[in-house]
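The values are calculated or read from the model by the stated rules, or taken from the named source; none is laboratory data. Note that this is a predicted model, so its numbers are computed, not measured. Cβ atoms come from the backbone with ideal geometry, glycine included; neighbour counts cover every protein chain shown. Accessible surface areas use protein heavy atoms only, side chains included; no ligands, DNA or RNA. Shrake-Rupley method; radii C 1.70, N 1.55, O 1.52, S 1.80 Å.
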Protein chains: 2
Amino acid sequence: MTQPICYLNGKYVSFDQACLPLNDLGIVRGYGIFDFLRTYNGVPFKLTEHIQRLQNSAKLIGLSLPWSSAEIEEITQNTLTHNHLAEANIRIVVTGGASADFITPLGQPSLMVIVTPVSEYPQEYYEQGIKVITVPIERFIPKAKSLNYISAIGALQQAKQTNAVEALYVNSQGDVLEGTTTNFFVFRGSQLLTPKEGILNGITRDVILELAKDRFEIVEQSIAYSQLNHCDEAFITSSTKEIMPVVQIDELHISQGKPGENTQTLMDLFQNYAKS
Amino acid sequence: MTQPICYLNGKYVSFDQACLPLNDLGIVRGYGIFDFLRTYNGVPFKLTEHIQRLQNSAKLIGLSLPWSSAEIEEITQNTLTHNHLAEANIRIVVTGGASADFITPLGQPSLMVIVTPVSEYPQEYYEQGIKVITVPIERFIPKAKSLNYISAIGALQQAKQTNAVEALYVNSQGDVLEGTTTNFFVFRGSQLLTPKEGILNGITRDVILELAKDRFEIVEQSIAYSQLNHCDEAFITSSTKEIMPVVQIDELHISQGKPGENTQTLMDLFQNYAKS
């Protein structure tokens, strides 16, 4: 198998040759941020927005980036060009870089851009909807896409044990916020609700709100777990999952166990928009 | 300069040659745990206890380790032997290992043992005492020594800006719990207080409680920030800092700005114990 080419600290190298030294703060302290996007028709989708969010994540954890938006964009495009993929997932990771004492940043972050083929989810997830579970976890600096994913990995393992595809975080006030790698939406009639605070600002989320605004009443507010039985449809969104209908949350069945009509409308709108 | 020799996934290699592939969950998800100790007279101090804690940390984040205590101990001893250091710091790190989708563990964790010369802190820290600050942060799974150190790195940078050496976490109830890499103690007269819940169980902390029990009344309970002005002495402890006297917490001066007598007694006892 041809190895993908990735970018790492100034070089474009074969993925199986690329590696990070052990005193990088990404390895010894989980200190870093990332962003993740995909291409449609070979073009990175919302690249500018993803780079902006990457920069905001860096700012929120106090990591100063020596690269401009234009430089990160160029590196990303070049990495993509080096790989000859029809469609690609693109992961941009910035860690704190080498540290002499394994805790103090030296101000030279590591930048890597990793390109892989787009991995499609099973078609039945979209046609029949998925199950998700909820977990009582609050994320650290939720507006930052940081590398602190220990609780997410645990939550996803828990989800898989019950055939669920995603785990949703519920805060101490009992509000459902977002998934480990997704945003969360529900329909109540033609009212589209999605949390606004305490979540990562999803780029796909923004696109969906834009596409939905002429058709549905949008309400950005917290969604109480206790009120989920009053919702008619639910779905999660992300760069790779796009819009994935949710038909079960823990033991609660939603939308009579099949994807709802309004969700389907948004799925169609999103496909048209992304692929046009 | 001779490069240290480290252990990485089955091999003993020069530190500058050792590196981890970019799809390791330690890099892309901060998923892992570690432990840290030092030698006295060339012998790892409380190695068994540190390995036990490492195993407990792994369990707490759901990472199953394929190595027995004896194997980790042997690898640690071998790494130490490869380096010819009078005294060494030893960092044992376990990450989630490679992942095909950058989030799901494949069940093959990465193990690294990194040995470096012991770095002494300035003598004046011990003779004159240090300043620390407090930060309103609660750690994720405090009993686990996980790689989630983003908030610790931020807190330490904040500390350094005001010439403080350490930052102490204060929880939402207003209790001072521990430092970013240390445990916290105060004396009220001859009563020695230290938190027990919501903290990492420090190995040095345990040694100090053992050494102190015949001389002082030990009270393991939460320490309210608002009650710090009633304490007579304060200190922090860790494998490398040992016992470091604290004479200022934020703007509060403690122990008339110099290390207290009881703290000094414990410092002497600890030195005798560790070096005997």
DSSP bridge pairs, segment A:123-275: antiparallel proportion in percent, nearest 5 = 65
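Rounded, prolate or oblate: which one fits the protein assembly as shown, using the alpha carbon gyration tensor with axes a ≥ b ≥ c (rounded when a/c is under 1.5, else prolate when a/b beats b/c, else oblate)? Please report the intermediate quantities before stating the final value.
On the way: a/c = 2.20, a/b = 1.59, b/c = 1.38.
The shape class here is prolate.
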query = To the nearest 100 Å², how much accessible surface do chains A and B cover up together, summed over both, with a 1.4 Å probe?
reply = 3600
task = Express the relative contact order of chain B as a whole percentage, based on alpha carbon pairs under 8 Å and six or more residues apart in sequence.
result = 18
message = Need one number: nm distance between label points at residue A:64 and residue A:78, each 7 Å from Cα along Cα→Cβ, rounded to one decimal.
response = 2.4
task = Over all alpha-carbon pairs of chain A, lay out the pair-distance distribution in 10 Å bins, whole %, shortest bin first.
result = 7, 28, 34, 23, 9, 1
ask   = Which value does Rg/Rh take for segment B:78-226 over its C-alpha atoms, Rh per Kirkwood?
value = 1.01
note = Distribution output for segment A:5-117: share of Cα-Cα pairs per 5 Å bin in percent, first bin at 0, values 2, 13, 23, 23, 20, 12, 5, 2, 0, 0
remark   = Residues other than residue B:224 with Cβ under 15 Å of its Cβ, Lys/Arg counted +1 and Asp/Glu -1, net out at -3
ask   = Can you tell which of B:25, B:112, B:204 lies farthest toward the positive end of the dipole of chain B, using +1 and -1 charges on the Cβ of basic and acidic side chains (Lys, Arg; Asp, Glu)?
value = B:25
inquiry  = List the Cys residues of chain B that have no partner Cys with a C-beta closer than 4.7 Å.
reply    = B:6, B:231
Segment B:102-155: GluC sites (Glu not before Pro) in DSSP coil with no more than 15 other Cβ atoms inside 10 Å = B:120, B:138
request  = For segment A:5-117, calculate the relative contact order in percent as a whole number, restricting contacts to Cα pairs under 8 Å that are 6 or more residues apart.
outcome  = 37
ask   = Dividing the alpha-carbon radius of gyration of segment B:125-171 by 2.2 N^0.38 Å (N being the number of residues), what value is obtained?
value = 1.24
message = To test your reading of the geometry: what angle, between 0 and 90 degrees and rounded to tens, separates the Cα axis of helix A:203-212 from the longest principal axis of chain A?
response = 30
0 to 90° range, to nearest 10: angle between helix A:150-161 axis and chain A longest Cα axis = 50
ask   = At a 1.4 Å probe, what is the % contribution of carbon and sulfur to the accessible area of the protein assembly as shown?
value = 48
inquiry  = Residues of segment A:24-53 losing 40 Å² or more of accessible surface, assembly versus chain alone, probe 1.4 Å, please list them.
reply    = A:27, A:28, A:29, A:31
query = When ligands, DNA and RNA are left out and all protein chains stay put, how many square angstrom of accessible area per residue does segment B:85-167 have with a 1.4 Å probe?
reply = 40
At least 40 Å² accessible surface lost relative to isolated chain, residues of segment A:149-196 (1.4 Å probe) = A:150, A:153, A:157
task = Might you report the magnitude of the Cβ-based charge dipole of the protein assembly as shown about its Cα centre, with Lys and Arg at +1 and Asp and Glu at -1, to the nearest 20 debye?
result = 400
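Starting from segment A:184-224, pick out the GluC sites (Glu not before Pro) whose DSSP state is loop and whose Cβ has at most 13 other Cβ atoms within 10 Å.
A:197
With a cut-off of at most 14 other beta carbons within 10 Å, and DSSP calling the residue loop, which trypsin sites (Lys or Arg not before Pro) in segment B:177-276 qualify? Please list them.
Loop-located and lightly packed - B:196, B:213, B:215.
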key: Separation of alpha-carbon centers, segment A:1-80 and segment B:126-183, rounded to whole Å   = 30
request  = Taking chain A as the reference, fit the longest principal axis to its C-alpha atoms, fit the long axis of helix A:69-82 to the helix C-alpha atoms, and give the angle between the two in degrees, 0 to 90, nearest 10.
outcome  = 90
remark   = For segment A:203-276, Rg(Cα) over 2.2 N^0.38 Å is 1.11
key: segment B:252-259 - phi-based ³J(HN,Hα) in whole Hz, Karplus 6.51/-1.76/1.60, Gly and Pro as x   = 8, 8, 10, 6, 6, x, 9, x
